[in-house]
């Protein structure tokens, strides 16, 4: 799966800015991939890109229309479909991370076939992956793990990729979820792979590389989440991570979606992730803690990060407040 | 997925007895499910059941023809297909655990539709499962786990079910792989479920039950196998096991299929499984060790089991040599 760039971001009839957070993410991390945005009349979101008609976007070179908005009630409306058909006819592929598949809409399939364009439902793997072989791969790998789901693993991974790029380090972000795939243009939505192939899929998206190259792998779930820890385990094993970054959201009162389950302590979570990671890479070690302090006042946030840094001896940052240069420094130093 | 009983076991053109080990397993554990066997002329296996024509089996009440033999080179031959069609026309469903799907053979699909019969490809889940919710379920659960794949988890689970049944305990075996499903008539092939739903599928096949009821869950893989530990993790979490039994094959020189990976020690393996199991059931504990000593002489086997029993303080048996009554006794006692 490799999306053709540049993109036209489809914001549709987004009910509010949050509904278009996928489009916002693409614009934030890769503005250079975006030629413009397409909005319907009722759209309440804005990525700050030039508003374009399909025709203008095609002329500007857009190769893929990316659906960057959540669809209301899981329905892909007639209004959307007529725009999507126009984009196909103008020579663009379509890419979507929605649950509903573009490939399940006969009208779109028919137009895509006729126009020789592709429909990418990035949530659903289209290729088969081999069973993981566990063989050590060349190159270096960093993986984000979490005390819980949705604590900032993708954001932290993209920030690390960006910082390494800025430092001239040879680096690639490896997406493991639909939003990451739309942002980077490739990857695998690992929680949608058949269970036998979780680790194998991760081995496949992060192949052998040059000794100086870093893959930054986006983690998923948490070893402490009773619904998803199987995915997390296979992802950790397939990654063969050298460097781990723990992501944490300090205001959670319980694991996401399961009120009966409390969060692990930072120390307990690090120990479990290390034990799991060392099965396939005995050299695995932590190089930093990434704390999502968006729910805290600055003074409180800084005090909390100081405390975690003292307890763990690891660079502890909020990527949004402080950037991740101290984590990158630690990863590169430990590797030397 | 619920197969209708009784079965006609299809041994086909088995090249040797091992090729028909699925049929042997069904006959061994549930002879009462089997009305007879069907063999082609070149068949080199024998389950010791009455040889029957399709017509005779149908008259004897067979509801499902179960393919109990591995197909050579992954090909379902014309010779098989003509027998399978005859069985459908005689009113039987078909059940198979092979990689090749019966449902991918148009001739069979056509005859099944016409005859109103079903084709069960038990390796491939046909229903969707919910995401696991982690909520504590009523009833008691025992799960087999392993130092490696293919060390006797299914055999041990079935032996425990049989022993509990013999003791008048309210018990069900819960199959998690294709052979177990064919033996018991239901279950889920958990390594073929979409990764997000591993634990949810296990919650679904082992629902709330009466306080005196035991589910005996068949384990899969190993937490120490770099290819499959994600499946094992989700299975352990979904099982919410009260009682764990560790299965071990002492002559393995490395983890199955991955020569770079050595086996964990019994102690290390128990500790990792306990830590994982306790996320969803803090009361999880080991009640026995099951050692497959088929590769050892009796004296050597007994000495090894003595040693493990002394080290772990747990009943340590080879189910084949000694039965599992001591493990059942420990499970029931610890529960009291």
Debye-sum result for segment A:53-171 in log10 I(q)/I(0), which assumes one identical scatterer on each alpha carbon, at q = 0.18 Å⁻¹: -1.04
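Is there a simple number for the mean count of other chain Cβ atoms within 10 Å of the Cβ of residues in B:257-267, and what is it? Write out the running numbers ahead of the final one.
Values: counts 3, 6, 2, 5, 4, 0, 0, 1, 0, 0, 0.
Mean shielding by partner chains, rounded to a whole number: 2.
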Ranked by Cβ crowding within 10 angstrom, fewest neighbours first, how are B:237, A:254 ordered? A:254, B:237
q = 0.31 Å⁻¹: log10 I(q)/I(0) that the Debye formula gives for segment A:60-103, counting C-alpha atoms only: -1.30
Going 7 Å from the Cα of residue B:268 along its beta-carbon direction, which residues of segment A:116-149 have the amide nitrogen within less than 20 Å of the resulting point? A:133-137
Can you tell me the Rg and the Dmax, both Å, for the Cα atoms in the protein assembly as shown? 27.4, 83
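Between Rg and the Kirkwood Rh of chain A, both from Cα atoms, what is the Rg to Rh ratio? Please report the intermediate quantities before stating the final value.
Values: Rg = 20.3 Å, Rh = 20.7 Å.
Expressed as Rg/Rh, it is 0.98.
With contacts defined as alpha carbon pairs under 8 Å and 6 or more residues apart, what's the relative contact order of segment A:178-336 in percent?
On the way: 185 pairs, mean separation 28.0, N = 159.
Here the relative contact order equals 18 percent.
For segment B:7-121, state the average projected area of the convex hull of the C-alpha atoms over all orientations, rounded to one decimal in nm².
Numbers: hull surface 24.8 nm².
Projected area, direction-averaged: 6.2 nm².
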Nearest 10 degrees, 0 to 90: helix B:266-280 Cα axis against chain B principal axis: 80
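If contacts are Cα pairs under 8 angstrom and at least 6 residues apart, what is the relative contact order of segment B:7-121 in percent? Please report the intermediate quantities before stating the final value.
On the way: 212 pairs, mean separation 29.3, N = 115.
Taking the mean separation of contacting Cα pairs over the length of segment B:7-121, I get 25 percent.
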Return one number: the angle in degrees, 0 to 90 and rounded to the nearest 10, between the long axis of the Cα atoms of helix B:78-89 and the longest principal axis of the Cα atoms of chain B. 90
Degrees separating the helix A:106-115 axis from the principal Cα axis of chain A, which is the longest one: 80
What nm value, rounded to one decimal, do you get for the distance between residue A:299 and residue B:251 when each label is placed 7 Å out toward the C-beta? 7.2
How high is the FRET efficiency from residue A:89 to residue A:128, r the C-beta distance, R0 35 Å, rounded to 0.05? 0.65
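Can you tell me how much longer the chain between residue A:72 and residue A:44 gets when fully stretched, taken as 0.36 nm per residue apart minus their C-alpha distance, in nm with one decimal? Before the final figure, lay out each step's value.
On the way: separation 28, 0.36 × 28 = 10.08 nm, distance 1.32 nm.
Full extension from residue A:72 to residue A:44 adds 8.8 nm.
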Euclidean distance between Cα centres, segment A:104-121 to segment B:10-68, Å: 48
Can you bin every Cα-Cα distance in segment B:122-223 into 10 Å intervals starting at zero and give me the percent of pairs per bin, rounded to whole numbers? 16, 47, 34, 3
Quickly rank B:226-234, B:100-108, A:255-263, B:271-279 as a protection proxy: mean count of other C-beta atoms within 10 Å, highest first. B:226-234, B:271-279, A:255-263, B:100-108
Ordered shortest first, which distances in nm separate the 7 Å Cα→C-beta label point of residue B:113 from those of the other copies? 1.8
Over segment B:81-147, what per residue volume does the convex hull of the Cα atoms give, in whole Å³? 182
Please compute the Cα-Cα pair-distance distribution of segment B:266-336 with 5 Å bins starting at 0, giving whole percents from short to long. 3, 16, 22, 23, 19, 10, 5, 1
Which of the three applies to segment B:227-309, rounded, prolate or oblate, going by the alpha-carbon gyration tensor with a ≥ b ≥ c and a/c under 1.5 meaning rounded? oblate
Alpha carbon centroid spacing (whole Å) that separates segment B:153-181 from segment B:191-233: 15
Likely footprinting exposure, A:47, B:43, fewest C-beta neighbours within 10 Å first: B:43, A:47
Inter-label distance, nm, simple model (7 Å from Cα along the C-beta direction), residue A:53/residue A:79: 1.9
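Quick check on chain B: helices-only [θ] at 222 nm, where DSSP H runs of length 4 and up contribute -39,500 (n - 2.57) each and the sum goes over total residues. Nearest 500, please. Before the final figure, lay out each step's value.
On the way: 12 runs with 122 residues, N = 336.
Using -39500 (n - 2.57) per qualifying helix, the result is -10500 deg cm²/dmol.
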Just counting partner chain Cβ atoms within 10 Å, what average do the residues of peptide B:234-240 show around their Cβ? 4
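Kindly give the semi-axes, whole Å and largest first, of the ellipsoid equivalent to segment B:140-332, taking each as the square root of 5 times a Cα gyration tensor eigenvalue. Each step should come with its number before you reach the end.
Numbers: eigenvalues 109, 82, 46 Å².
Each semi-axis is the square root of five times an eigenvalue, giving 23, 20, 15 Å.
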For peptide B:186-195, how many partner chain Cβ atoms fall within 10 Å of a residue's Cβ, on average? 5
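Each value in this text was obtained by applying a stated rule to the coordinates, not by laboratory testing. If you're wondering where the values come from, they're calculated on a predicted model, not measured in any experiment. Ideal geometry is used to build each Cβ from the backbone, glycine not excepted, and the neighbour counts take in all protein chains shown.
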